[in-house]
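K.L.:
Pasting a structure below so you can have a look.
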Amino acid sequence: MRLQSTGAFVPILLRGAGLLLPLGIVGAQQTAPARHAFTPADWYKVTTVGAPALSPDGNKVAFTVTTVRESENKRHSEVWVVNTQGGEPVRYTSPGFESSAPRFADDGKTLYFTSQRAGGRGTNWALRMDMPSGEAFQPDRAPRFQQGSQPADKSFSITTGDSASGGRGGRGGGGGARGGRGGAPGESDSSATNANDPFGHMLPMARPPYDAITKPENPARFDGKQITQMVYKANGQGMLPGPSTAPRAPQQPVPAQIYLERDGSPRKQLTNTKYSHRDVSVSPDGKWIAFVADATLRADSVVTAERDSVAKLAPDRKRDEMLRNDTEIFILPVAGCEAQSAECTPRKIEYAGSEAQVVWSPDSRQIAFVGQPGRFKNQRLFVVSAGGGKPQDILGTWQYEPGTIQWLKNGSIAMQTSTGGARGLYAIDPATKKITTLLGGRRVVNNATFDASQSHVVFVATDMTHPTELFVANADGTGERKLTSFNDKVNADVAWSDAEEFKYKSVGNMEVEGWLMKPYGYDASKKYPLVLYIHGGPHSDYNEGWFDEFQSIAGAGMWVLFTNPRGSSGTNTEFTYASRGDWGGKDFDDIMKATDIAAKRADVDSTKMGVTGGSYGGFMTAWVTTKTNRFKAAETDRMISEWTFWYGASDAQGLTEGEFFGKPWENQIMYDTLSPIRYVKKVKTPTLLVQSEEDFRTPIGNAELWFMALKKQGVPAEFVRYPRSNHDLSRTGEPWLLVDRLSRLRQWFHFWLIDKPAGATAATTSNSR
């Protein structure tokens, strides 16, 4: 079912723009009601637009629209379609079901999407685009989409994969989602039981794994948990039962080969090697295939054995940070390989580092790629002649990294990337190295997609004062138009707070980006309290997009200060890893430098400042309160107070193994030195602790330890624990709980920074023991 939108047209509110109307028109219009300050309840009114998919002819965009059904305590997603030339968006999926992930068939006649519907076979559903108001159906066979890489005339496709998988996987060879987990090693179905299994009726976590030495005395009376595997929990997945039967012997991975497929002809295997071919790309003229492989074409088994051996060595920072030439780009002739002749021999293009995103120029004479000389060095954009030669870094002194690249038909290379807190689309001329902004400004641009003719680009964008909407523009960035207006009503009702961006020099003359968001009802003649926000990661960042937490604090009449200190992503790799081995050191200095800058302002009340953050930001918030008493209130979210405990309880040990140069017993001094609990006696700051009961990334024990330590010392503290929630509560948690959390942060800082009554400290600490 597809339904026409019934929403009335709402004028677009242009950020920072004024509009003068003739007197007669002004008199004829009703006075617009004053916009109110954001409250946590307003969160329910915000719509999220995402996952745009462009039709092959470029005339339509399918996308997801996610709203919140407050009464049901749930989010609801639908697939909508809008014409790129304009007009009202149309709902294409029934509001009675959850629908997402739209994608068009290659011929544009069918729109596929994902939906879980009663009585269905799997989650793949489809709609006929040439039959208006048609019902969704489940296709008889798997949908066919363009596979791998194709030349300009689309006469054939080049794919990669192993012989068992039939060459599928497309460009890059497929693989699971980044950061995902496929279950316990070697186990296909840990919940499978059989009638003769004496433990078959036990709860999954209570069942003794196949390799357990001990067994329950009486299976009917044991409902605990028995664990033998190192990986037994994961944030968002919960507890993971171990295998009930011995895993099958692992199959040796088969190196990914190159396949060629022409319509009407059987797929043909072009290569048969002991090494894998990755990031495979065919030239537009159809004559050459470029791919990335081991620099010396060693067998996959040799490369894997070397990597596994190195992983067993003691930590060595010098070894880890040394420059490495692990891979190279190679070229193969299509005709020679299809004929299986001796000409099917790879030719190397040398670059001292790792290569990714291999793309051909439209004339097939050059290759662009993203190169990186070492894991902790910046990524750069290189161009090299397809015939060989030395790759040229065309970014010059540009401090940012290339992001996702695409060589356009006009000869320029498009880069969808971050430039600090902003995300945009840029074009670089390989000959002149001139960089042109296509989609820029203080905003976050995502999912930018060109149509087939590369005359237009569609994208999702958001800025500080506008939640997400869908846009279209000419390929050069001109003629930008908003295609959706789902948030126009809430934008008209709520006075979103904007932020001033500023950059400053910190320790080592390193430039750091920060923002100061104005409180609701700002009056330059008054002073306002301030709340410092510290992001998680640390390898994440704050950006120029709309953010509910900032709006909530600003809506309560307080400044919001937020920064991207060293260790943040969004700038370049060297900046991102500048805090490695130094958490709470120069990154702390970066944050405090921004605080000093803000505190000097005449409109900031430096005697009423608070600090908050989640995950790494939760650790840093606790760390800050051990270093200074200048903050009158703190809120720690998903915190870490003791790193050795965290290492044993978390599902992400690899983070500190890399950042702290080893496991706790290999570098115990660093784990101890960076644990806030070692210095908790210095803390005087009233602290609210917020934690999810099912958070396995930063487990709740860290917060329990910190809370008890504060209470024992008479420091005002409250501890809020959320059920059915994990590390992602503030982003994807149950709406009621997410909004409750927003409200509690706001209440906490409002109490301590704005309306704290006399004697509050004594009253708050009266129950300490």
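K.L.:
Give me the percent of the accessible area of region 423-569 that comes from carbon and sulfur atoms, probe 1.4 Å, all protein chains in place. Write out the running numbers ahead of the final one.
P.N.:
Numbers: 2490 of 4920 Å².
Heavy-atom surface of region 423-569 belonging to carbon and sulfur, 1.4 Å probe: 51 percent.
K.L.:
Now for a different question. Sum -39500 (n - 2.57) across every DSSP H segment of at least 4 residues in the chain, then divide by the residue count to get the 222 nm mean residue ellipticity, nearest 500. Please report the intermediate quantities before stating the final value.
P.N.:
On the way: 16 runs with 130 residues, N = 769.
So the helix-based figure for the chain works out to -4500 deg cm²/dmol.
K.L.:
Which whole-number percentage describes the relative contact order of the chain, with Cα contacts under 8 Å and a sequence gap of 6 or more? Before the final figure, lay out the partial values.
P.N.:
Values: 1671 pairs, mean separation 70.8, N = 769.
Result for the chain is 9 percent.
K.L.:
Okay, moving on. Could you tell me the largest-minus-smallest coordinate of the C-alpha atoms of region 588-680 on each of the three principal axes, in descending order and whole angstroms?
P.N.:
Sorted largest first, the three principal extents are 49, 21, 20 Å.
K.L.:
Distance cut-off 19 Å, Cα to Cα: go down the list K684/K712; K608/K711; K608/K684 and report the pairs above it.
P.N.:
Working: K684/K712 12 Å; K608/K711 23 Å; K608/K684 15 Å.
Pairs exceeding the cut-off: K608/K711.
K.L.:
Working with all protein chains in place, sort C344, C337 by solvent-accessible area computed with a 1.4 Å probe, largest first.
P.N.:
Working: C344 35, C337 0 Å².
Final ranking, largest accessible area leading: C344, C337.
K.L.:
State, to one decimal in nm², a quarter of the convex hull surface area for the C-alpha atoms of region 572-617, i.e. the direction-averaged projected area. Please list the in-between numbers first.
P.N.:
Details: hull surface 17.1 nm².
Seen from a random direction, the Cα hull of region 572-617 projects 4.3 nm² on average.
K.L.:
In addition: Of the heavy-atom accessible surface of region 570-635 (probe 1.4 angstrom), what whole percent is carbon and sulfur? Kindly include the intermediate steps, with their values, before the conclusion.
P.N.:
Details: 830 of 1910 Å².
Roughly 43 percent, rounded to a whole number.
K.L.:
Give me log10 I(q)/I(0) at q = 0.14, 0.18, 0.30 Å⁻¹ for region 71-121, Debye formula, one equal scatterer per alpha-carbon, no solvent.
P.N.:
Log10 of I(q)/I(0), two decimals: -0.45, -0.70, -1.23.
K.L.:
Here's another thing I want to ask about it. Normalised by the number of residues in region 466-611, what is the relative contact order in percent for Cα pairs under 8 Å and 6+ residues apart?
P.N.:
On the way: 239 pairs, mean separation 34.8, N = 146.
This gives 24 percent for region 466-611.
K.L.:
May I pose another question? Taking +1 at the Cβ of each Lys and Arg and -1 at the Cβ of each Asp and Glu, which of N726, V739, N702 sits farthest along the dipole of region 684-758 towards its positive end, judged by Cα position relative to the Cα centre?
P.N.:
Farthest along the dipole direction, towards plus: N702.
K.L.:
Can I ask one more? Would you mind putting 260-272, 434-446, 415-427 in packing order, based on average other-beta-carbon counts within 10 Å, highest first?
P.N.:
Highest mean packing first, the order is 415-427, 434-446, 260-272.
K.L.:
Considering only G654, G200, S157, whose Cα is most displaced toward the positive end of the charge dipole of the chain, charges sitting on Cβ of Lys, Arg (+1) and Asp, Glu (-1)?
P.N.:
Most positive-ward Cα: G654.
K.L.:
Quick one: P(r) of region 403-544 from all Cα-Cα pairs, 5 Å bins, percents rounded to integers, in order of increasing distance.
P.N.:
So the P(r) values, bin by bin, are 2, 8, 15, 17, 17, 15, 12, 8, 4, 2, 1.
K.L.:
Taking the alpha-carbon distance from K312 and a cut-off under 21 Å, which lysines remain once sequence neighbours fewer than 8 residues away in the same chain are dropped?
P.N.:
Excluding near neighbours in sequence, the set is K663.
K.L.:
Keeping all protein chains in place, calculate the accessible area per residue for the chain (probe 1.4 angstrom), answer in Å².
P.N.:
Numbers: 36100 Å² over 769 residues.
On a per-residue basis, 47 Å².
K.L.:
With only Lys, Arg, Asp and Glu charged, each at its Cβ (+1 for the first two, -1 for the last two), find how big the charge dipole of the chain is about the Cα centre; round to the nearest 20 debye. Don't skip to the end; give the middle numbers.
P.N.:
On the way: 88 positive and 83 negative charges, 206 e Å.
It works out to roughly 1000 debye.
K.L.:
Over region 240-306, what relative contact order in percent results from Cα pairs under 8 Å that are six or more residues apart? Could the numbers behind the result be given before it?
P.N.:
On the way: 69 pairs, mean separation 15.3, N = 67.
Worked out over region 240-306, it gives 23 percent.
K.L.:
Anything over 29 Å Cα to Cα? Flag those among K377/K433; K45/K586; K60/K518; K377/K586, in the order listed.
P.N.:
Working: K377/K433 21 Å; K45/K586 40 Å; K60/K518 39 Å; K377/K586 19 Å.
Result: K45/K586; K60/K518 exceed 29 Å.
K.L.:
Using modelled amide H (1.01 Å from N, peptide plane; none on Pro or chain starts), what sits under 5 Å from the amide H of W288, excluding residues fewer than 5 places away?
P.N.:
Those qualifying (amide H under 5 Å, at least 5 residues apart or on another chain) are S283, V334.
K.L.:
Also: Excluding same-chain residues fewer than 8 positions from K756, which aspartates and glutamates have a Cα within less than 19 Å of its Cα?
P.N.:
Within the straight-line cut-off, K756 pairs with D605, E635, E718.
K.L.:
Can you list the HN-Hα couplings for region 79-88, worked out from phi with the Karplus curve (6.51, -1.76, 1.60; θ = phi - 60°), rounded to whole Hz and with x for Gly and Pro?
P.N.:
Here the 3J(HN,Hα) series is 9, 10, 9, 9, 6, 5, 7, x, x, 6 Hz.
K.L.:
Describe numerically, in nm with one decimal, the distance between label points set 7 Å from Cα along Cα→Cβ at A118 and at N629.
P.N.:
6.3 nm
K.L.:
What pairs from K154/K482; K274/K409; K527/K632; K503/K627 go past 26 Å between their alpha carbons?
P.N.:
Violating the 26 Å limit, Cα to Cα: K154/K482; K274/K409.
K.L.:
Plugging the Kirkwood radius over Cα pairs into Stokes-Einstein for region 437-484, at a temperature of 4 °C and a viscosity of 1.567 mPa s, what D comes out in µm²/s? Intermediate results must be reported in sequence, preceding the final value.
P.N.:
Details: Rh = 10.8 Å.
Estimated diffusion coefficient is 120 µm²/s.
K.L.:
At 1.4 Å probe size, what's the solvent-accessible area of R630? Round to the nearest 10 Å².
P.N.:
That residue has around 70 Å² of solvent-accessible surface.
K.L.:
Here's a follow-up. Can you give me the % of accessible surface on region 676-744 that is carbon or sulfur? Probe 1.4 Å, all protein chains present, nothing else counted. Can you show the working numbers first?
P.N.:
Numbers: 1480 of 2800 Å².
Reported share for carbon and sulfur atoms: 53 percent.
The values are calculated or read from the model by the stated rules, or taken from the named source; none is laboratory data. The shown structure was predicted, so the numbers you read here are calculated from the model rather than taken from an experiment. A quick note on method: Cβ atoms are made from the backbone with ideal geometry, for glycine too, and the neighbour counts reach across all protein chains shown. Accessible surface is based on the protein model in full, side chains and every heavy atom, while ligands, DNA and RNA are left aside. Shrake-Rupley method; radii C 1.70, N 1.55, O 1.52, S 1.80 Å.
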